[in-house]
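Here is the structure we will look at.
Where a number appears in this text, it was derived from the coordinates with a stated rule and is not lab data. Remember, it's a predicted structure, so these values are computed and weren't measured experimentally. Don't worry about glycine lacking a Cβ; one is built from the backbone with ideal geometry, like all the others, and counts go over all protein chains shown.
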Amino acid sequence: MDWELMVTAAGILAYFIALFLQWGRLRPSFTRRSTLKTDLEILRILKELGHPSTENVRKYVDDAIANIYVSREPPKRLWVHDWTLFVTGFAFTLGFSAWTWYLVRDGFSGWAIVTGFFAFTGVIWIAVSLSEPTVETSQGRKSPKTVRHKMPMKIALVSPYDFAYPGGVVNHISELERHFTQMGHEVKVIAPASRAINTFGDRFIPIGKPRPIPSSGSIIRVTISLRLASSIKEVLQREKFDIIHLHEPFMPMLCSAILRFSDSINIGTFHAGDGKPDYNWGKPISTWMIRRRLHKLDGRIAVSKPAMNFASKYVPGYFNIIPNGVDIEHFSPNASPIEAFCDGKQNILFVGRLEHRKGLNHLLKAYLKVKQEMLNSRLIIVGPGTMLRKKYEKWVKRNRLADVIFVGFVSYDELPRYYKTADVFCAPTTGRESFGIVLLEAMAVGRPVVVSNIDSYASVVTHGKEGLLVPPKDSQALAQTLLTVLGDEALQQRLGDSGRKTAEQYSWNRIAQRVFDYYLEVLSNLERKEFARRQSIGMQPNSST
């Protein structure tokens, strides 16, 4: 039919128009590369002849390299508009798929093959429109300007988690921000926030609204919005960070999206030790995304060996292990205890969110045995949580267990006083911890610790030195160990003194300096690669590097 020919001709015309638009975008890039290759050949010939104009040509080629190959500006997309490709691809797929189906009803024909081809082409257009095409060259992504040591630096610290809700990653970033700022650097924190964050002033940039999501017996609060791109691009373009430090860099959606659009030096810190959902969540899209963006990560930090082992299953490469830190001035043996609990009773302290993996149910069972043998004992429970708290309170009431105090959430300023009030600190976590910041806080105040013998805790506490390790989920062993420590004041003093000395090795002054030194190490490595690249193409190194 004539109209069949007209429809197919229109599709072919649209197809070649799209190709022409893409070639119009690509052609200048190829032209500049060809020109640059010619310049390099001229340079080599002039150098061999010892021609006096060699230096002028070298400067020209230096500028060409800096401005064309590896520009400081974010690489331009190869496509005119993503939405144009998407709409075109969708129209191709829908229209030609329907037309192919219509033709196939009467048997295969030449027209059916042609229309089927264009339907398949539409699928390719859609995939391309959703991908991340960037101008990549064999010369590398970073320019000499990007890797140049510049003091002070402009640093972005990115959290995927709700910054208005307390947690290990949030505290970690807050301490890095404070110490880097004291070192004279310009630091901005980027994170989703469920309410206004006033403590950082204009140094906090909120992006995205966090949503609670169940994960590993806990609740993570992250933004899952798919409309962050415009905000992220605007912030990155405005701020022009030298270093972007992403905590859990492949965590959807904020960190992953910032890594996608970043053209700065990108450092990732991996905090998680285990758990679900892991990096396979959303597979195969999640694993495809990691492979696509892995090359943009210039450096990797893990807070512990368990965190490194977990992350390296999905993110290959070298990890620098830099642990969490503790503010040894804030968490000090000189803190004042809570007077209401200084009545001669032996205090056992638990600090943590009331979640299954924190093991409070095992501690309650252990305390039931402790109370039977030591009447002048008390269990103080500090930490947020509502659903499990009601369950635990009912259990305590049903078992007529006295002297169990549910304090609830305690501010950061008040927390050292609770550690000081304790005769022993207990962390009966069942697993899925990467480090254990609360252990360091208790040790910094000089308190003995009784904790589960899991890899992350055993990397901080040596059995018999700073505290005692017990098998996880073993309430009987936990009760016996608590009785041992509570009944021996000399043991309490020895463990507490040793714990304070160990905690000083984790002071945030030391940890922040180690993190910054790693920044410099990554920069130096990139500079060496740039130096080798320039030598390989017969150029003199930049004076700035």
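So the values come out like this:
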quantity: Whether region 339-504 is rounded, prolate or oblate, judged on the alpha carbon gyration tensor where a/c under 1.5 counts as rounded; calculated: rounded
quantity: Inter-label distance, nm, simple model (7 Å from Cα along the C-beta direction), Lys473/Asp488; calculated: 2.9 nm
quantity: Spin-label pair Met387/Ala402, simplified geometry with 7 Å Cα→Cβ offset, distance in nm; calculated: 3.4 nm
quantity: Residues with amide H under 5 Å from that of Ala427, placed H, sequence gap 5 or more; calculated: Val450, Val451, Ser452
quantity: Cα gyration tensor shape of region 152-321, rounded if a/c is under 1.5, else prolate or oblate by comparing a/b with b/c; calculated: rounded
quantity: Relative packing of peptides 326-333, 364-371, 485-492 - highest average C-beta neighbours within 10 Å first; calculated: 364-371, 326-333, 485-492
quantity: Proximal lysine pairs, region 152-321, alpha carbons under 13 Å, eight or more residues apart or interchain; calculated: 4
quantity: Burial ranking of peptide ranges 448-457, 519-528 (average Cβ count within 10 Å, highest at the top); calculated: 448-457, 519-528
quantity: Model label zone, Lys209; criterion: amide N under 13 Å from point 7 Å along Cα-to-beta-carbon; scope region 221-246; calculated: 223-227
quantity: Spin-label pair Gln182/Trp395, simplified geometry with 7 Å Cα→Cβ offset, distance in nm; calculated: 4.0 nm
quantity: Computed over region 398-538: relative contact order in percent, which uses C-alpha pairs under 8 Å that are six or more apart; calculated: 21 percent
